[in-house]
Amino acid sequence: MKRTPERDATLSKLTPRTRLTVAGRDPFDHHGYVNTPVYHASTLLYPTAEDFLARRSRYKYGRRGTPTSEALEDALRQLEGEACAGVALLPSGLAACSAALLAVLRAGDHLLMTDSVYDPTRVFCDRILSRYGIAVTYYDPHIGADIAALMQPNTRAVFVESPGSLSFEIQDIPAISAVAHAHGARVLMDNTWATPLYFPALARGVDLAIQSGTKYIGGHSDVMIGAVAANADTVRDLKESVFTMGLCVGPDDMYLALRGLRTLAARLAVHQESALAVARWLAARPEVHAVLHPGLESHPGHAIWKRDFSGASGLFSIVLAPVPAAAANAFLNALTLFGIGASWGGYESLAIPFDCTAIRTATRWAPGGPTIRLHVGLEDVGDLIADLERGFAALAAAL
Ligand SMILES: *Cc1c(COP(=O)(O)O)cnc(C)c1O
C-alpha cells in the first residue's frame, strides 16, 4: 500500500496486529518484492549543482533517513496508534531513554524519576543530566496522584516505567499524567515490557513513549535498537534533538527490527500465555515466597494492570523463600533451558539473580528472600517447568 493520508486512514481502521503486517512496505515500489530493501547509504547524489544547492531530493543524506529507516518508522508509528505524530530511531534502548530526556529537559529543569527505573537510565540521570544543571528527584512508583506533592515550579518532566525494572511495580499512569500535565510537565515512559500492543502509552497520557527494540521488537537476541514515539506536543523537540545530536541506526539493524515487528503480536501472545502458566506453577511451589507478575491476582498492581493493560509479556521475577545465596545459585546453575544472561525479549528463556538494594533511593527493597528475574521464551511450557523442577532439586541438594 502506498504511504498516503488515505492509506493511513485505512490502516487506522485495522487492529494494531494487522497494521504490523501492512505498514512499512510498498512492494510495487520495489519490483513487487514483499519486503522493503535494505539501503546501505551515506552519500546521495544530485543530478545538477542547482539541485544540490536547492537540496531538491526526497532524501538528503544517509544519517537523515533512507527508505529503510522510513519503513521502520512507519511501522512503529502504526503500532503506536493515532496519537503518534512521529518516531525517532536510536542505536539502543538506553540511547532512546537518554535522547527522550534530552529532548525535553534543559538547564535549571527538574525531573521526577520513578525509583523503579531501569538502572542504566538512573545512571544517565545521575552522571550526565546532573552535569547540565538538571535536578532529579526519585519517587515511589506507587505514588499515583500524590505525585502532585513533588511537583516544583521547574518540574519539566515525569518519567515512568511500568512495570518497574526487575521489581514489577505497576504505576497509575493516567493519574500521574493528569497531574503532570496540569503542572505543564511532559510524561516520558519506558514501555519496553508491554510494548504498544499491550499498553498504548500515548493513548494513556504519555507524551514520549520509549522502547528498547532490542527486546521484543527484535525478538531474536541479535540486534540492538531503540525507538521513541512522540505525540503532537513533543514530536518537534524529539526530532530536533535526535537530528542535531547525529543519532542514527545501521541499516541491517533497522531491517532486523522491521522483520521482528511482523511477528511481534504472535510471539507476544505465546510469551504471555507461557509466562502466566510458569508464574502460576511457581506461585504454588513451597520454595517460592512470592511471584512478582502483575497478571497474577496476588500482585499488588493487578487491579491497575487489568484496567490499563491488555496483556502481559514474558518477563517477571520471583522471590525465593529465604535460602543462602549459594542455594539460589545452585538453582540457576542447574537450569538448562533458561540461560543466565542480561537482556530479554528473545525467543529463548533466561534467568538472572538480582538485588535492587543499591539502586533504590526513594523506597526500601526488602523482598523477603533471594530474587530471580525470569524471561519465559517460546519453548514448550512443560519442558520449561521440568527445567525449573531440576533447579529446585539442585536448590534442595545445596541446603
Ligand atoms: C534493556 C532495557 C533498556 C535498554 O535497552 P538496550 O537496547 O539494551 O540499550 C531500557 N529499558 C528497559 C526497561 C530495558 O529492559
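The values are calculated or read from the model by the stated rules, or taken from the named source; none is laboratory data. Small disclaimer: the values here were computed from a predicted structure and weren't measured. For neighbour counting, all protein chains shown are included, and Cβ atoms are generated from backbone atoms with ideal geometry for every residue, glycine included. Heads up: the accessible areas ignore ligands, DNA and RNA and are worked out on the full protein's heavy atoms, side chains in. Shrake-Rupley method; radii C 1.70, N 1.55, O 1.52, S 1.80 Å.
Points worth noting:
- Looking at region 1-42, the pairs of alpha carbons with a distance over 13 Å make up 58% of the total.
- Projecting the Cα atoms of Tyr139, Met151, Val104 onto the dipole axis of region 97-156, where Lys and Arg carry +1 and Asp and Glu carry -1 at the beta carbon, places Val104 farthest toward the positive end.
- Each Cα pair under 8 Å and six or more residues apart adds its sequence gap; the mean of these over the residue count of the chain is a relative contact order of 16 percent.
- Against the chain, whose longest principal axis is taken from its Cα atoms, helix 67-80 shows a tilt of about 50°.
- Calculated on the alpha-carbon coordinates, the convex hull of the chain measures out at 147 cubic angstrom per residue.
- The distance linking region 324-387 with region 72-148 is 26 Å (Cα centroid to Cα centroid, whole angstrom).
- The DSSP beta bridges internal to region 5-262 are antiparallel in roughly 35% of cases.
- Relative to the Cα centre, the charge distribution of the chain, modelled as +1 at Lys and Arg Cβ and -1 at Asp and Glu Cβ, gives a dipole magnitude of about 760 debye.
- Residue-averaged 222 nm ellipticity for the chain, from DSSP H runs of 4+ at -39500 (n - 2.57), nearest 500: -11000 deg cm²/dmol
- Accessible surface ranking for Phe168, Phe354, 1.4 angstrom probe, highest first: Phe354, Phe168.
- Neighbourhood net charge (9 Å Cβ-Cβ; Lys/Arg +1, Asp/Glu -1) for Cys248: +2
- Within straight-line cross-link reach of Lys306, aspartates and glutamates at Cα separation under 18 Å, skipping those fewer than 8 residues along the same chain: Glu161, Glu169, Asp172, Glu273, Glu297
- Considering only Gly339, His302, Gly246, and ranking their Cα positions along the charge dipole of the chain that arises from unit charges at the beta-carbon of Lys, Arg, Asp and Glu, the one farthest toward the positive end is Gly246.
- For region 265-397, a crude dipole built from +1 on the beta carbon of Lys and Arg and -1 on the beta carbon of Asp and Glu, taken about the Cα centre, is about 460 debye to the nearest 20.
- The portion of the accessible surface of the chain made up by carbon and sulfur, rounded to a whole percent, is 56 (1.4 Å probe; DNA, RNA and ligands excluded).
- Mean Cβ neighbour count within 10 Å, used as a protection proxy, ranking 53-63, 256-266, 93-103 highest first: 93-103, 256-266, 53-63
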